[in-house]
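Visitor: The structure that follows is given in the form of structure tokens.
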Amino acid sequence: MRSGAWRFLATILALSFGLTGCGFQSSQLALAHAGSRDSAVTRNGTSGAAHRSANDVASMTGGQVLVPGALAPDVLLTAESSGKRVWLSAYLGKKPVVLNAWASWCPPCHEETPQFVSMYRTYGSEVQFLGVNLTSLDSVPAAEAFVRRYQIPYPVLFDTQGDFDRAYSVIAEPMTYVISKAGKVVSIHVGALSASELRAAVEQALASR
């Protein structure tokens with residue numbers, strides 16, 4: 001896809017997602033999609049360029065970008081608790097899903113995870129919470145330590161091969177996806193969510209059933 005088309009699409013995505021939080025500002029998201037070198041959260045947790053440029057995402061996805069309304073892609077991941085390979089679809093179709101993609105070296109991921117744990121304790125019977133560690137950009141030991149540190153009670157899956165990273169058009173860390181019971185992507189949020197923003201995402205998930 002030509003860079004001009006990417007810049008236009010990125011701007012539309014930023015506006016339609018209503019992005020907030022400490023991971024990205026909306027304007028930064030648009031620039032990151034367009035291949036900018038503006039400041040973002042990098043894989044070593046420092047300030048720098050987003051780990052995905054427009055060309056990176058386009059080459060990995062064949063020019064396709066995951067957007068609200070699309071069916072949630074099914075990818076093969078590794079269950080943190082057992083080490084067994086499991087399809088993401090095993091967690092879809094029963095309840096609406098709030099899926100949080102994170103990396104252990106990402107400061108905003110550390111900031112928002114306690115909010116996810118708290119929200120799970122309130123809504124876990126109604127909403128399927130999932131964590132996906134972007135393990136191809138991280139490591140299994142670091143991810144396991146992260147899970148233990150925050151005592152994450154909901155399922156965590158490891159993306160050891162980068163399949164989730166590619167299929168879900170991950171451009172920064174963290175990212176949160178609201179998926180309806182029917183398996184459609186309702187919304188995509190780039191950057192850490194505050195307690196109120198996460199509650200709004202959960203309510204959106206509940207409303208999508």
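The values are calculated or read from the model by the stated rules, or taken from the named source; none is laboratory data. What you see is a predicted model, and the numbers here were worked out from it, not measured in a lab. Accessible surface is based on the protein model in full, side chains and every heavy atom, while ligands, DNA and RNA are left aside. Shrake-Rupley method; radii C 1.70, N 1.55, O 1.52, S 1.80 Å.
Visitor: Students often forget the sequence filter, so: which lysines lie under 18 Å Cα-Cα from LYS94 once same-chain residues fewer than 8 apart are removed?
Guide: Partners found: LYS181, LYS184.
Visitor: Carbon and sulfur together cover what percent of the accessible area of region 122-209 at a 1.4 Å probe radius?
Guide: Working: 1450 of 3090 Å².
Looking at region 122-209 in its full context, I get 47 percent from C and S.
Visitor: Using a 1.4 angstrom probe, figure out how much accessible area region 77-209 has per residue, in square angstrom, rounded to the nearest whole.
Guide: Details: 4990 Å² over 133 residues.
With all protein chains present, region 77-209 gives 38 Å² per residue.
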